[in-house]
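Novice: One structure follows; several queries about it will come next.
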Amino acid sequence: MKLLALDTATEAMAVGLADGSARRTVNAEGGPHTSDRLIPVALELLAERGLAPADLDAIAFGQGPGAFTGLRTAVSVAQGLAFGIGCPVVPVDSLLIVAEDARAQALGAEPSDATVPPTFDTWVAMDARMDEAYVAHYRHDGRAWAVRREPALVDLPTLAAWWQLTPPAQVAGSAVDAFADRLPFGAARRWAQPADRAGALLRLAVAAAAAGRRHPARDALPVYLRDKVALTTAEREAMRAAGAAAAGSHR
């Protein structure tokens, strides 16, 4: 299988290519220049293997949750390429990428398909801004991941209440640093920084494609969780008008 994987759900850009047993990955800064750099990096990886986009069997993408603009970048590129090639897309949970990277760090090396490591149970908590976090809970049984709590957008008091009730054994993600003094991490082992996000993305993408989780290009959709990231001009004007009316009624 020849599979290209893209993820721009965070401030980092992760790109991976699987060509049979050969793997190539790139971890790079994302941010405002991601949309300019993503396609050139992907084409460079393909060229290294002597491949063209038309040679791909599938394109995987980090579907989120994550940054609004970043998600749109990876999804748009994956969908556009898949439509042009006529190949399926493979969505990958962007929070699970964080969990898979933490598992690899715990093992001290890239997990081998032939290896059956001990059970790995971890929460993922990513800073979502506005005193909120993207959160999920996963468990790896040595062969595959299972979701124990689906990805959700929660405020810090809610997450703190969850963890006070059931303390986490491990936590991975940017919230480890961002909310170090505001969440009850307790004795949890913490994985704040990814070691190889692209490698984790590619392993998950290859496993998902092999399991048949392939979809038509039209179904390449992001998972935002935060339905509203900003108010429209009309909504802001309406709020100001309502506030002015309320203030006038109390004079």
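Novice: Among the candidates Ala67, Ala60, which residue alone is modelled with pLDDT of 95 or more, among the small types (Gly, Ala, Ser) and not assigned by TED's automatic domain parsing to the domain that holds Gly173? Spell out how you get there, then give the answer.
Specialist: Working: Ala67 fails: modelled with pLDDT of 95 or more.
Criteria check complete, one pass: Ala60.
Novice: Look through Pro151, Pro184 and report the one residue that is under 23 Å from Leu225 (Cα atoms) and touching a residue at least 24 places away in the same chain (Cβ under 8 Å).
Specialist: Exactly one residue qualifies, and that residue is Pro151.
Novice: Look at the stretch 157-179 and say how many of its residues are in contact with a helix residue (DSSP H, G or I) (Cβ under 9 Å, 6 or more places away or on another chain) and among the hydrophobic types (A, V, I, L, M, F, W, C).
Specialist: 5
Novice: Tell me which residues, restricted to the stretch 1-55, are in a helix (DSSP H, G or I) and within 19 Å of Ala210 (Cβ to Cβ). Even if it seems obvious, please write down each step before you answer.
Specialist: Our first condition is that a residue be in a helix (DSSP H, G or I); within the stretch 1-55, this holds for 31-48, 53-55.
Hit for the stretch 1-55 is Asp55, nothing else.
Novice: Which numbered condition trips up Arg251, out of (1) surrounded by 12 or more Cβ atoms within 10 Å (Cβ to Cβ); (2) basic (Lys, Arg); (3) modelled with pLDDT under 95?
Specialist: All conditions pass for Arg251, except number (1).
Novice: Restricting the search to the stretch 1-55, which residues are among the β-branched types (Val, Ile, Thr) and touching a residue at least 40 places away in the same chain (Cβ under 8 Å)?
Specialist: Narrowing the stretch 1-55 to residues among the β-branched types (Val, Ile, Thr): 8, 10, 15, 25-26, 34, 39, 41.
Answer for the stretch 1-55, where residues must be among the β-branched types (Val, Ile, Thr) and touching a residue at least 40 places away in the same chain (Cβ under 8 Å): Thr8, Thr10, Val15, Thr25, Val26.
Novice: Filter the stretch 167-187 for residues that are within 21 Å of His140 (Cβ to Cβ) and either aromatic (Phe, Trp, Tyr) or outside the structural domain of Met126 (by TED's automatic domain parsing) (or both) and give the result. Give the derivation first.
Specialist: To start, the set of residues in the stretch 167-187 that are within 21 Å of His140 (Cβ to Cβ) comprises 167-176, 185, 187.
Within the stretch 167-187, Phe185 is the sole residue that qualifies.
Novice: Just checking, does the stretch 98-110 include any residue being among the β-branched types (Val, Ile, Thr) and either surrounded by fewer than 20 Cβ atoms within 10 Å (Cβ to Cβ) or in a strand (DSSP E or B) (or both)?
Specialist: Restricting attention to the stretch 98-110, the residues satisfying the condition of being among the β-branched types (Val, Ile, Thr) are 98.
Filter once more, so that each one left must be either surrounded by fewer than 20 Cβ atoms within 10 Å (Cβ to Cβ) or in a strand (DSSP E or B) (or both): none.
Taking every residue of the stretch 98-110 in turn, none turns out to be among the β-branched types (Val, Ile, Thr) and either surrounded by fewer than 20 Cβ atoms within 10 Å (Cβ to Cβ) or in a strand (DSSP E or B) (or both).
The values are calculated or read from the model by the stated rules, or taken from the named source; none is laboratory data. Values in this document were obtained by computation on a predicted structure and should not be read as measured data. Cβ sites come from the backbone with ideal geometry, for glycine too, and all protein chains shown count toward neighbours.
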